[in-house]
Amino acid sequence: MPATLLQTHRVEKPWGRHDLFPGFENPRPDDAPIGEVWFQEPGDTKPDLLIKYLFPGEKLSVQVHPDDDQAHERGLPRGKDECWTILQADPDAVIAVGTKVSMSRDTLRADALDGSIEDDLDWKPVKAGDFMYCASGTIHAIGGGLTCIEVQQNSETTYRLYDYGSDRELHLKDGIAVANPVPYAPIVSPGQVAPDRTILVEGPKFVLERWSGGDHQVSLPEGTTAWIVPIKGEGSVADVTVKAGECATMTGSETVRTSEDADVLVAYPGTTRL
């Protein structure tokens, strides 16, 4: 099919929230908080990318992901580069990416065990409109009080290095082996390439664009899928409608029509923009 509206999967998390983003129904006060919303294809499919909304009410664990080669060594299909588009943020919202200074793996392990790893991390303030690319191997932790859309390689391989004294399992051996404990080097986004089109990241694992409203002509190479995620407004592609709080995929050559007020993310695997 040239376009498919993906299924919406709400994920309860103890660190989640009851106040979600416009386009999502809030859980009732006595229901478990929602931490993530995933968009998934019907059936047992394993696409290249996975799109999520994140609603952290408190800090997530300190973690790291393997790259493709490290994942393959462990019999896994792929590593995990990811990025975050910040939609809402409290005044004190932060995300930790990288360490303040380069560290040895022995020091990293010792600090993960005694909790001082929190102080090793570079906690960066974030606000609505910010964008951050987190390459595999980057030690990171998402803080509470923000809402973001996460675009990632489709892998849930996460190695926890520290979890603030909880009883959840840590993965120090694997995590330290794949970690790159150095200061974060932000990517340079290509930026605005047309009045209605901004390139947030262009490879190495995927391209992420942000569009404003109007009609957009898209021609994808054979075998390539694009994910269309309206942050605001609505749109349609190949007779499939999609609105804020939803996600659709498309293949082939189509016109993506979006409302005048639309604000849309579009992701597809590859190293260069279409």
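Rolling a 1.4 angstrom probe over region 56-105 with all protein chains present gives an accessible area of which 46% lies on carbon and sulfur atoms. Summary of the geometry: region 183-214 and region 61-88, compared by the centres of their Cα atoms, lie 20 Å apart. The shape of region 55-137 can be summarised by an equivalent ellipsoid whose semi-axes, obtained from the alpha carbon gyration tensor, come to 24, 19, 11 Å from longest to shortest. Here Thr224 sits with roughly 30 square angstrom of accessible surface, probe radius 1.4 Å. Placing a label point 7 Å from the Cα of Thr272 along the Cα-to-Cβ direction, the residues of region 199-224 whose backbone N falls under 13 Å from that point are 203, 221. Taking a quarter of the surface of the Cα convex hull of region 107-212 gives a mean projected area of 8.0 nm². Solvent-accessible surface (1.4 Å probe) assigned to Val64 amounts to roughly 0 Å².
Looking at region 207-255, the GluC sites (Glu not before Pro) that sit in a DSSP loop and have at most 13 other Cβ atoms within 10 Å of their own Cβ are Glu222. Taking the Cα atoms of the chain, the ratio Rg/Rh between the radius of gyration and the Kirkwood radius comes to 0.96. Relative to the longest principal axis of the Cα atoms of the chain, the long axis of helix 105-114 makes an angle of roughly 80 degrees.
Positive-end ranking of Gln7, Leu172, Thr107 along the dipole of the chain, with charges on Cβ about the Cα centre, is headed by Thr107. The accessible area of Leu161, taken with all protein chains in place and a 1.4 Å probe, comes to roughly 0 Å². The value of relative contact order for the chain, using C-alpha pairs under 8 Å at least six residues apart, is 21 percent. In order along region 4-9, the phi-based Karplus estimate (6.51 cos²θ - 1.76 cosθ + 1.60, θ = phi - 60°) of 3J(HN,Hα) comes to 9, 7, 7, 6, 9, 10 Hz; Gly and Pro are listed as x. Students often get this wrong, so check it: of Lys52/Lys243; Lys52/Lys100; Lys59/Lys205; Lys100/Lys127; Lys100/Lys173; Lys52/Lys124, which have C-alpha atoms separated by over 24 Å? Table pairs above 24 Å Cα-Cα are Lys52/Lys100; Lys59/Lys205.
Approximating the spin labels as points 7 Å out from Cα along Cα→Cβ, the Ser102-to-Asp119 distance works out to 2.3 nm.
Is region 1-103 rounded, prolate or oblate when judged by the Cα gyration tensor, a ≥ b ≥ c being the square roots of its eigenvalues, rounded requiring a/c under 1.5 and prolate requiring a/b larger than b/c? It is oblate, given that a/c is not under 1.5 and a/b is not larger than b/c. About its Cα centre, the dipole of the chain is roughly 260 debye, where the only charges are +1 on Lys and Arg Cβ and -1 on Asp and Glu Cβ.
The values are calculated or read from the model by the stated rules, or taken from the named source; none is laboratory data. Just so we're clear, the structure is a prediction, and the values are computed from it rather than from any experiment. Cβ atoms come from the backbone with ideal geometry, glycine included; neighbour counts cover every protein chain shown. For accessibility, only protein heavy atoms count, side chains too; no ligands or nucleic acids. Shrake-Rupley method; radii C 1.70, N 1.55, O 1.52, S 1.80 Å.
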